[in-house]
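The values are calculated or read from the model by the stated rules, or taken from the named source; none is laboratory data. Treat the numbers as computed from the prediction; the structure is a model and nothing was measured. Cβ coordinates were reconstructed from backbone atoms using ideal geometry, including for glycine residues, and neighbour counts include every protein chain displayed. Remember, those area values only see protein heavy atoms, side chains included, never the ligands or the DNA or RNA. Shrake-Rupley method; radii C 1.70, N 1.55, O 1.52, S 1.80 Å.
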Amino acid sequence: MSFKVRSSKFRHVYGTALKREYCYDNIRVSKSSWDSTFCAVNPKFVACIVESAGGGAFIVLPLSKTGRLPADQPVVGGHKGPVLDIAWCPHNDNVIASGSEDCVVKVWQIPDGGISRTLTESVVDLIYHQRRVGLVLWHPTARNILLSAGSDNQVVIWNVGVGEPLIHIDCHPDIVFSASWNFDGSQLLTTCKDKKLRLINPRSGEIVQEAICHEGSKASRGIFLKGGLIFTTGFSKLSERQYSLRSPDKLDDPIVMVELDTSNGVMFPLYDPDTSMIYLCGKGDSVIRYFEITAEHPFVHYINTFQTPDPQRGIGMMPKRGCDVSICEISKFYRLNNSGLCQAISMTVPRKSELFQEDLYPDTIGDIPAVDAEDWFNGQDAEPILISLKDYHQPTRLPTASEMKVAKKPNILDKPSANKTVKSSPNNTTAPPVAKPQFNQPQQSIPDDIVKEFKEEIRKLKAMIVKHENRIRALEARAAEDTTDTAKDSGDSVHKNNDLNDLEIKDNDTEHVDTNDDDD
């Protein structure tokens, strides 16, 4: 009997944990029981929710600052209650949103080098919810659009640029566990504590479809895939962990429903639209399972399992812009352990060639928004603007004078635009305008004590240079004197040798004359 082997570029994907010196240690990981990933990463920073006395906080570390953290590590700590969820803005790597038990959503702006002291002043506070906010989610294509969901069963879509709510969705009878935008941000998918999966029109708040997600009472998760399908994780009646694949037209009839194990940790599905791979990371698990979604039966193909010795508390997935294409890295995760270690895990596809592998890296989602907040609210949809990773590590950024225009109010989160070589998706019917900035970032002022410290270091360096220059001149002069004395001594020795030779010659002549006289 012959067996047909499935053809795929990602049948052999291997995970590698980086050494401890390239990870982050001594993190006071949050002890909150809320089902959140507690970690968010982007190509510049890694952020982790931590324990904090007297309120809620999270740390933000540049990717290059690895190793053991000091006990007095600066934090972002403006919340009055524990932080439950954080999310980096997909269009600005310096902006992060956080939701907390104090019922407030805050948006922060992080300097490029990270924070040098505790940050307590946010750029904007979004106040609407009456109970704790456990979910924050940015829109994938529209500029300044942020979604938040709280324990008051309310979902609010904000225009962060002016700090006001655009849309209020009140269709959930219980706590919202998860939310996900589709590829162009025109539809919203939510899972709720009432065990239902809802497909919602985000502009009107109307329910398009709803169905039972998983029959278990524990938390479920749902995400949109690039092609429009829906992937969910949850529990059965017997508390067995499951995953399913569904069509948005028939939510109540899953294409695939598979039982994994009997663990009680909530599974977080992390999706890579470029490779159609899904990584299942369970809270409290010591493994990461990964699958490939295809159009062939059984549609969800198991690939492998990455095993670690310690259970994970939280996990964050790096956007494809932050992966290292030189080593064929297709995904990268930052995994939080209960011991306080944030471990970096690299998923790679082995290749012998060191050239750019175009089949592994199709054009991916960039950091430039496709539509403005006002245009999206008025009904305009656009697929994400795509970029090539071949030359992305050397982008060309040119400032432009364009600014965001929103309802006669200034944008409080402006920065210079990023002008990169981009490609528009072939299915994108809306031609994106010239790259506009998401935020015009105000120039960060440097504290006086840091300026004084730099000036003192420069003064010391100048003094040291002058001291070394004087020493070098003295050594050169001494070397020149030694050379002159050596030459003089050599000349005197030559003269003395010549005189001795003359004396010997004269003596020999004298002896010769005396000998001749005796013979006569």
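In the range 11-63, a dipole from Cβ-located charges (positive for Lys and Arg, negative for Asp and Glu) runs towards its positive end, and of 39, 53, 23 it is 23 whose Cα lies farthest in that direction. Accessible surface computed residue by residue for the range 88-179, with neighbouring protein chains in place and a 1.4 Å probe, gives 31 Å² per residue.
Based on the Cβ-Cβ distance from residue 229 to residue 121, what FRET efficiency comes out when R0 is 56 Å, to the nearest 0.05? Computed FRET efficiency for residue 229 and residue 121 comes out at 0.85. Modelled spin-label separation between residue 483 and residue 302, with each label point placed 7 Å from Cα along the Cα-to-Cβ direction: 7.9 nm. Extension gain for the segment residue 201 to residue 295, taken as residue separation times 0.36 nm less the Cα-Cα distance, is 31.2 nm to one decimal. Here each label is just a point 7 Å from Cα along the line to Cβ, and for residue 12 and residue 238 those points are 3.8 nm apart.
Packing, taken as the mean count of other beta carbons within 10 Å per residue, orders the peptides 451-461, 322-332, 49-59 from highest to lowest as 49-59, 322-332, 451-461. Checking the Cα-Cα distances for 218/332; 250/283; 226/320; 195/250; 31/283 against a 21 Å cut-off, the pairs over it are 218/332; 250/283.
Placing +1 on the Cβ of every Lys and Arg and -1 on the Cβ of every Asp and Glu, with nothing else charged, gives the range 47-204 a dipole about its Cα centre of roughly 260 debye. Charging the Cβ of each Asp and Glu at -1 and of each Lys and Arg at +1, and nothing else, the dipole of the range 205-262 about its Cα centre rounds to 220 debye. Extension gain, residue 22-residue 462: 0.36 nm per intervening residue step, less the Cα-Cα distance, totals 154.9 nm. For the range 280-292, putting each phi into the Karplus relation 6.51 cos²θ - 1.76 cosθ + 1.60 with θ = phi - 60° gives couplings of 9, 10, x, 5, x, 7, 10, 10, 10, 8, 9, 10, 10 Hz, in residue order, rounded to whole numbers and with x for Gly and Pro. With θ taken as phi - 60° and the Karplus curve 6.51 cos²θ - 1.76 cosθ + 1.60 applied, the whole-hertz 3J(HN,Hα) list for the range 297-313 is 5, x, 6, 10, 9, 6, 10, 6, 10, 9, 9, 10, x, 10, x, 9, 8 Hz, x standing for glycine and proline.
Summarising the label geometry, the points placed 7 Å from Cα in the beta-carbon direction at residue 390 and residue 170 lie 5.3 nm from one another. As a calculated quantity, the FRET efficiency between residue 252 and residue 53 at R0 = 51 Å, using C-beta atoms, amounts to about 0.60. Grab the beta carbon distance between residue 375 and residue 211, set R0 = 30 Å, and tell me the FRET efficiency rounded to 0.05. In this case the efficiency is close to 0.40.
The range 23-98 and the range 144-178 have Cα centres separated by 22 Å.
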